[in-house]
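Each remark here refers to the structure printed beneath this line.
Computed from the coordinates by the stated procedures, all read-outs in this text should not be read as laboratory data. For clarity, every value in this text was computed on a predicted model and none was experimentally measured. Note that each Cβ is placed from the backbone with ideal geometry, even for glycine, and that neighbours are counted across all protein chains shown.
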Amino acid sequence: MPVISVFFGIVIRMFYREHGDVHFHAEYQGQQATFTVDGEILAGAIQSRTALRLIKEWATVHRVELEANWERVKAGVPLERIAPLD
């Protein structure tokens with residue numbers, strides 16, 4: 001479960017052996033959800049509106065890097081860390 005970014009208590013991961021469209025996983029205070037690279041929820045739930053807003057902002061800023069990491073996932077090579085929100 002490679003962690004690719006951590007900010008404001010939010011942990012962002014991408015998993016190897018994933019399939020489907022580009023996505024990432026976020027965890028905040030024990031709640032987990034899967035997101036598109038646009039920051040939209042695909043599955044799961046995070047109740048904090050603030051955390052959801054921050055995840056969406058982060059995904060928007062780092063879309064190109066998320067897509068590049070997805071290609072790394074498919075190739076089975078190590079993922080790169082992505083800068084957190086400031």
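Side notes on the structure shown:
- Cα-projected label distance for MET1 with ALA43, points at 7 Å along beta-carbon direction, nm: 1.5 nm
- Taking 7 Å steps out from each Cα toward its Cβ at ARG13 and THR36 produces label points 2.4 nm apart.
- Only Lys, Arg, Asp and Glu carry charge here, each on its Cβ (+1 for the first two, -1 for the last two); on that basis the range 3-75 has a dipole of about 160 debye about its Cα centre.
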